[in-house]
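Visitor: What follows is a structure written as structure tokens; I'll ask about it next.
Laboratory data are not the source of any read-out in this text; all were calculated from the coordinates shown. For clarity, every value in this text was computed on a predicted model and none was experimentally measured. Heads up, the Cβs are rebuilt from the backbone with ideal geometry, glycines too, and the neighbour counts pull from every protein chain shown.
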Amino acid sequence: MLAFSEARAKVIETIRAARAASATSATIKSETIELGDALGRVLARPIVADRDYPPFNRSTRDGFAVRAEDLAAPGAALEIVGEIRAGAAFAGTIAPGQCVEIMTGAAVPEGADAVVMIEHTHVAGGRMRSERVAEPGQNIAAHASEARGGDELLAAGTRMGAAEMGVAAQVGSARVEVAARPRVAILSTGDEVVGVADSAGPLQIRNSNGVSVAALVAMAGGAAIGLGNAADNTDVLHGLIEKGLRGSDILILSGGVSAGKYDLVEPVLKSMGAEFFFDAVAIRPGRPTVFGRCRNVWIFGLPGNPASTMVTFELFVPPAIELLQRAEPLPMPLMPARLTAPVRQKAALTHFLPARIEWSAESLPSVTELPWHSSGDIVALAHANCFLVVRPERLEMAAGEWAEFWPRRDAI
């Protein structure tokens, strides 16, 4: 049985190797979209600079453009010969003993090689006196210091965030080519499962996994395709898996992956020619997790209890979605925090426990395990903003000790 880090690495290595071996590995399904719609999408084509940046020597402060040699000592006074606003030009050259009032973002005039901040100056009678000396290049972003025209600013495979979208906007990329979202089919299983809008009998549960997994898929950058629920019947499950394999890149099944009499997912997949890379991971919740491939579709069989489904999805599925867009998988954000109460687990597994992370006035994080009744306790998940991670080599920890927490991506 693999440790969770080994299982996660297996997903990454297996999909990366399959991508490299594919005859079409140099191509990727893509689409061109408006830049305003690109948040969270992955670039399929690089963003390049359309010109030098900055395109001129740019002032980074409000103040005065000067010749540094004229302010070699504090208290020197210079004649003010003009003003430059951002976007405006200055006709002429700064001569010895002269300066020009300049605004942030304006082009530094010919002859000037420094800008002194307005806070460090005094103006009277058309002259500026500086309290400080000036040095060449001071408060100036030099022409082409950020990029040269034609430079690649954002590589293919970059996930677009606010800063990346700003870069694209700066160079005039009003439309960008991005990877198509991987299509992720989602199938819940179980005789006890009914639709969200259905009346649930005393022994039935509604299909919360179908909704939460679709949300997780969207957050990870995929396009969710809901298949509903399959009863614990070989023929029904076979038919819905067939549907899920058509036109999708990933198929996620929740439930039916344990060793019980009616856990049919693995036998049905095996009968359809699936190859399995692992079918158990040394974690709680989520031990009976399956990763495989069937007809070029990546398969994730996740345990059906909501906490198990959420933990195993977040551990293993996002790297697959990222790789299918030619993006590098993001690292798992495990962070340290102080325990507010003792923690004790028995099973020699890695435990992911619903918890809350909080920051004190001193900004020192503290983490508290939440009371929860089982891996089916979805209410506890909704109250948690992270998972407390308890390693098998350190199953008991005292209050005040440092522990690891793993943020919920949608809660912090």
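Visitor: Counting other beta carbons within 10 Å of each Cβ, put Ile283, Ile412, Ile205 in order, fewest first.
Guide: In increasing order of surrounding Cβ atoms, one gets Ile412, Ile205, Ile283.
Visitor: Over segment 335-407, how many percent of alpha carbon pairs lie in each 10 Å bin up to the one with the longest distance?
Guide: 22, 54, 22, 2
Visitor: Share of antiparallel DSSP beta bridges in the chain, in percent to the nearest 5?
Guide: DSSP beta bridges in the chain are roughly 65 percent antiparallel.
Visitor: Quick check on the exposure proxy: order Ile102, Ile357 from fewest to most C-beta atoms within 10 angstrom.
Guide: Ascending number of Cβ neighbours within 10 Å: Ile357, Ile102.
Visitor: Can you spot the aspartates and glutamates whose alpha carbon is less than 20 Å from Lys243's alpha carbon? Ignore those fewer than 8 places along the same chain.
Guide: Reachable aspartates and glutamates: Asp191, Asp232, Asp235, Asp263, Glu266, Glu275.
Visitor: Taking the structure as given and computing Rg and Dmax of the Cα atoms in Å, which label from (i) 29.6, 94; (ii) 24.3, 83; (iii) 20.8, 62 fits?
Guide: So the structure-derived entry is (i).
Visitor: Considering only DSSP states other than H, G, I, E and B, which GluC sites (Glu not before Pro) in segment 313-398 qualify as loop sites with at most 16 other Cβ atoms within 10 Å?
Guide: Answer in residue order: Glu362, Glu393.
Visitor: With a length cut of 20 Å (Cα positions projected on each helix's long axis) and a Kyte-Doolittle mean of at least -1.0, go through the chain and give me the DSSP H helices that pass.
Guide: Once both thresholds are applied, what remains is 4-21, 306-323.
Visitor: May I pose another question? Which whole-number percent gives the relative contact order of the chain, counting Cα pairs below 8 Å spaced six or more residues apart?
Guide: Normalised by residue count, the contact order of the chain is 15 percent.
Visitor: Based on a Kirkwood Rh over C-alpha pairs, give the Stokes-Einstein translational diffusion coefficient of segment 3-78 at 20 °C and viscosity 1.002 mPa s in µm²/s.
Guide: 111 µm²/s
Visitor: How high is the relative contact order of segment 215-319, in percent, counting Cα pairs under 8 Å that sit 6 or more residues apart?
Guide: Once normalised by length, the contact order is 25 percent.
Visitor: Could you estimate the translational diffusion coefficient of segment 295-345 from the Stokes-Einstein equation, with Rh from the Kirkwood formula over C-alpha pairs, at 10 °C and 1.306 mPa s, in whole µm²/s?
Guide: Roughly 116 µm²/s, to the nearest whole number.
Visitor: Find the eigenvalues of the gyration tensor of the Cα atoms of segment 266-322, then list the square roots of 5 times those eigenvalues as equivalent ellipsoid semi-axes, largest first, in whole angstrom.
Guide: Equivalent ellipsoid semi-axes, largest first: 19, 13, 9 Å.
Visitor: Students often check this: by mean Cβ neighbours within 10 Å, which of 73-83, 50-60, 221-231 ranks highest, and how do the rest follow?
Guide: 221-231, 50-60, 73-83
Visitor: Okay, next question. Mind sorting Ser173, Ser22 by how few other Cβ atoms lie within 10 Å of their own Cβ, fewest first?
Guide: Ascending Cβ contact count within 10 Å gives the list Ser22, Ser173.
Visitor: Sticking with this one: Give, to the nearest whole percent, the P(r) tail of segment 58-141 beyond 19 angstrom, counting all Cα pairs.
Guide: Pairs farther apart than 19 Å: 23 percent.
Visitor: Counting pairs of Cα atoms in segment 34-103, how many percent are more than 21 Å apart?
Guide: Distances greater than 21 Å cover 48 percent of the Cα pairs.
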